[in-house]
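Participant: Attaching a single structure in structure tokens format; questions to follow.
The values are calculated or read from the model by the stated rules, or taken from the named source; none is laboratory data. None of these values were measured; they are calculated from a predicted model. Cβ placement follows ideal geometry from the backbone for every residue including glycine, while neighbour counts extend to all protein chains displayed.
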């Protein structure tokens, strides 16, 4: 009887070598721990290593993955090998095998061939399987549990990080948080501004992509205004290389770069005007520490030009999440444009005021006096046109100023708002001074004439400069076509000033009564038609920036 019991125990021991000597261990897919009980994993450094045939990939690539002894002499009897996505720790990809006598694929969850295990308890010094990259895979590492005997095994045997060369939106909302402009756009579309994030360890896996002349960047803020924010920047230098930088900003100034080693495993490129980068941050977002553990933020996604040394200039496009987001929630959100409709309305009114009504009004006062015609309400037609056009210009300027000031709440933001404030002040006082002008025959009337003209010229120059700066802020195109059209608009206006001024000089020796007024009227009509064409083009472009 005792011999029979001994025989049963021996058979039982043989049957429980490694718990699953045949390697059918799908039940261990999540934990990657042996299910046979016994001792826990070893705390010493694993004598085994995982090597890969390459460290970057695109969907469809195949990579040879090898588990082997570091010394070449240590053997192992069992193993479980998986591809795990960095950020979310998802099982990813599929395996194929060539040595069916020692290796087999397993189904983990509902995904067939997503892991590899042993087929027998024989001693092995190495095994190799081929992994195929799926669509949407981000940075990943291979992880294994390796058993040298029933009670001796090591968990967390890992390869280095493999980086995806192609950013994908396939797993947005399921395996990573994504923020895009336009909403739900494909990061491989050259017009798509895109970022994604997935938590890993103390940091995050970040991806960024977007059309830009120099850089794309993401910022994390406690509000929807710039200042005291964490920033990550992917910027192109003069050599065409893309640098990844960790920074913070304190307001409407260039971010301060942190001199700490917080960025790892970087892949980046600049191709056909599109900046792309993927990297892993090794630290948490500092806002989380400042706000007692909260992990929700407003997300800023911006792009703009960079300098030769890789430092960034003011952004030309900015989008902001409409609400605070949790980066670990794996949601997909579209963007609320950082350029609000109020701001775009402000820009449109200023453009109409100082490139159309103001310009025509100034031309009427300077060059159309000789085409007076019949008086209107007791005043010359040119004067009435000048007066009402300039009053309309001032009204539009005041409305535009109030709109943007209420929206922004302050005057911060560089030279553009400063110029706008000066234009507003000078415009407000221009009609007041005109109301108290002396009689045309007064001996000091020339003082008013010169002051009125010089102030108008200063306002015009500052307004044009402010419009140029404003258009660079709202233009989201890679070639910045709005400021270029504005340049043509301004050149068109200067051309007609030259034509009309030349006409005045040529007619200065003729008698006023015998002068023909056709030249002035024809030039005015042509100018207004061209002016309206440029204006419509710019207004359409501004509308597309919403």
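Participant: Condition check: closer than 25 Å to residue 197 by Cβ and either in contact with a helix residue (DSSP H, G or I) (Cβ under 7 Å, 6 or more places away or on another chain) or crowded, with 18+ Cβ neighbours inside 10 Å (or both). Does residue 88 satisfy that?
Facilitator: Here the answer is yes, as residue 88 does meet what is asked.
Participant: Picking from 67, 50, which residue would you name as being closer than 19 Å to residue 121 by Cβ, assigned by TED's automatic domain parsing to the domain that holds residue 119 and modelled with pLDDT of 95 or more?
Facilitator: 67
Participant: Let me ask something else. Give me the residue from region 504-523 that is in a loop (DSSP other than H, G, I, E, B) and surrounded by 12 or more Cβ atoms within 10 Å (Cβ to Cβ) and, out of that set, modelled with the highest pLDDT.
Facilitator: 507
Participant: Based on this model, can you work out whether residue 73 counts as out of contact with any strand residue (DSSP E or B) (no Cβ under 9 Å at 6 or more places or on another chain), touching a residue at least 40 places away in the same chain (Cβ under 8 Å) and farther than 25 Å from residue 188 by Cβ? Before the answer, list the steps.
Facilitator: Details: out of contact with any strand residue (DSSP E or B) (no Cβ under 9 Å at 6 or more places or on another chain): yes; touching a residue at least 40 places away in the same chain (Cβ under 8 Å): yes; farther than 25 Å from residue 188 by Cβ: yes.
Here the answer is yes, as residue 73 does meet what is asked.
Participant: Can you confirm whether residue 226 is assigned by TED's automatic domain parsing to the domain that holds residue 328, in contact with a strand residue (DSSP E or B) (Cβ under 7 Å, 6 or more places away or on another chain), modelled with pLDDT under 90 and crowded, with 21+ Cβ neighbours inside 10 Å?
Facilitator: So residue 226 passes the test.
Participant: Name the residues in region 365-418 that are in a loop (DSSP other than H, G, I, E, B) and modelled with pLDDT under 75, would you? I'd like the intermediate steps shown before the answer.
Facilitator: Start the filter on region 365-418 by keeping residues that are in a loop (DSSP other than H, G, I, E, B), which leaves 368, 372-375, 377-378, 380, 409-414.
Of everything in region 365-418, those that are in a loop (DSSP other than H, G, I, E, B) and modelled with pLDDT under 75 turn out to be 372, 373, 374, 375, 377, 378, 409, 410, 411, 412, 413, 414.
Participant: Of 151, 184, which residue is part of a loop (DSSP other than H, G, I, E, B) and in the same structural domain as residue 332 (by TED's automatic domain parsing)? Step through it out loud before you land on a result.
Facilitator: Numbers: 151 fails: in the same structural domain as residue 332 (by TED's automatic domain parsing).
Within the list 151, 184, the selection yields 184.
Participant: Taking strands (runs of 3 or more DSSP E) that do not extend beyond region 197-257, which have at least 2 residues that are more than 20 Å from residue 178 (Cβ to Cβ)?
Facilitator: Strands (runs of 3 or more DSSP E) meeting the threshold: 229-236, 242-249.
Participant: Pick from region 94-113 the residues that are at pLDDT 95 or above and within 36 Å of the chain's Cα centre (by Cα): which of them is nearest to residue 134 (Cα to Cα)?
Facilitator: In this case the residue turns out to be 94.
Participant: Another question about this same structure. Kindly indicate which of 126, 43 is over 43 Å from the mean Cα position of the chain (by Cα) and more than 30 Å from residue 284 (Cβ to Cβ). Outline the logic, then answer.
Facilitator: Details: 43 fails: more than 30 Å from residue 284 (Cβ to Cβ).
Exactly one of 126, 43 is over 43 Å from the mean Cα position of the chain (by Cα) and more than 30 Å from residue 284 (Cβ to Cβ), namely 126.
Conditions tested, residue by residue: (1) out of contact with any strand residue (DSSP E or B) (no Cβ under 6 Å at 6 or more places or on another chain); (2) over 23 Å from residue 55 (Cα atoms); (3) surrounded by fewer than 24 Cβ atoms within 10 Å (Cβ to Cβ).
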site: 217; (1), (2), (3): no, yes, no
site: 234; (1), (2), (3): no, no, no
site: 243; (1), (2), (3): no, no, yes
site: 246; (1), (2), (3): no, yes, yes
site: 257; (1), (2), (3): no, yes, yes
site: 297; (1), (2), (3): no, yes, yes
